[in-house]
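Trainee: The structure is given below, and queries will be raised subsequently.
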Amino acid sequence: MPAAVLKNSSLRNPLLSGTTSLSFSLKYLLQSSSSSHSLSSSKSHPAFTSQPETHTKEENDDDPVPTSGISRPLSEILKELNKKVPDSVIRHRIDDGFTIKYVPWHIVNRIMNLHAPEWSGEIRNITYSADGKSVSVVYRVTIYGTDAEIYRESTGTASMDEPGYGDPVQKAEAMAFRRACARFGLGLHLYHEDIL
């Protein structure tokens, strides 16, 4: 099914709540062909008709499309974010002779959009070291649920002369963003899987 056809109810599908991996969620949302998630039916969808439809209260009780938005309670969002990230999205880099596993910021962004679509992020502070050799960024991620909102902050630091793609502030921001999301549980297992 094309991604444009997905409805908000797909985010609340009970099949997703028991999975142990985000890969099933992504695959399910993109390939589901369930009639409850499709716009093609014997009746045309009210959003695509030229005449407004009138319904009695009884007719609307079984409507599978939620009208309260795409948010869910924070406990459901955090449960999804705490699932193990698929190995296929994990990258490796060598830092001071140690191999470090991480999830690229753009993948973290997509996972947040999938499981916490009403999240926001902001840079809270940028600080250059006194010697001018590094920069640190403080980043805040806020998740909005139907019952509350919660935020986590973290820092990222990059060397000013570190080789690679992107400027130092970009690198520090990406690191701080990933770490702030890890404080919600997203990819947190990568930080301690060698201990377990």
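Trainee: Can you find a residue that is over 17 Å from Gly121 (Cβ atoms) and either among the charged types (D, E, K, R) or in contact (Cβ under 8 Å) with a residue 12 or more places away in the chain (or both) anywhere in segment 137-146? Lay out the reasoning, then the answer.
Mentor: First, pick out the residues of segment 137-146 that are over 17 Å from Gly121 (Cβ atoms): 146.
When the remaining residues are screened for being either among the charged types (D, E, K, R) or in contact (Cβ under 8 Å) with a residue 12 or more places away in the chain (or both), the result is 146.
Yes: segment 137-146 contains one or more residues that are over 17 Å from Gly121 (Cβ atoms) and either among the charged types (D, E, K, R) or in contact (Cβ under 8 Å) with a residue 12 or more places away in the chain (or both).
For every residue, the table says whether it meets (1) of a type in the set (D, E, K, R); (2) open to solvent by 80 Å² or more (accessible area, probe 1.4 Å).
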position	(1), (2)
Ala116	no, no
Trp119	no, no
Asp131	yes, yes
Ile143	no, no
Tyr151	no, yes
Lys171	yes, no
Arg179	yes, yes
Phe184	no, no
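Trainee: I've got another one for you. Working only within segment 114-157, note down all residues that are touching a Ser or Thr at 6+ places or on another chain (Cβ under 7 Å), of a type in the set (Gly, Ala, Ser) and modelled with pLDDT under 95.
Mentor: Answer for segment 114-157, where residues must be touching a Ser or Thr at 6+ places or on another chain (Cβ under 7 Å), of a type in the set (Gly, Ala, Ser) and modelled with pLDDT under 95: just Gly145.
The values are calculated or read from the model by the stated rules, or taken from the named source; none is laboratory data. In this text, all values refer to a predicted model and were calculated from it rather than measured experimentally. Glycine gets a Cβ as well: all are built from the backbone with ideal geometry, and neighbour counts include every protein chain shown. Protein only, heavy atoms only, side chains kept; ligands, DNA and RNA dropped before computing areas. Shrake-Rupley method; radii C 1.70, N 1.55, O 1.52, S 1.80 Å.
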